[in-house]
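Nothing in this text is a laboratory measurement; each read-out follows from the coordinates by a stated rule. Quick caveat: nothing in here was measured; it's all calculated off a predicted structure.
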């Protein structure tokens, strides 16, 4: 159905429709760019970020590209830069100092000999690492279950120390929408498990 509706439209025309609020236009645009986004994500995959996480960042980059495109360069070029920058930003954030425990954690799904290599390093008490990993997984699962996609993205930016204005600009939403999302996040995460 989407191909019939949008097959004759250029990417730039789809971007204009996305700005006007057409979600089907974004679905078509995302379908056109998904293989590029996946390729980009795989080239930047790190220990702490999976390809799917980076693909989500790439899709956010595509959405922002659609909302901010003003002509000049081709949309494909502009979107490529926005997608790459968004993925790079996520990688920088993930490799930052506050994520060091996560970056140095041991995957229980790895081959046993690789896990032994990690265990031989003097990171911390293994019991503490395991407890921290379990607690982190509980928090991540709760965030995935209880927060919407927008709320998760707002939370991520908020935890990076971004202001409401910066969050709104990054996500192409109003400052009020960003503030409302933060209030919903606080309310949802304050509830006992």
Cα pair distances of the stretch 1-94 binned at 10 Å [whole percent]:
18, 48, 27, 7, 0
Once each part is reduced to its C-alpha centroid, what is the distance from the stretch 38-92 to the stretch 131-193 in angstrom?
20 Å
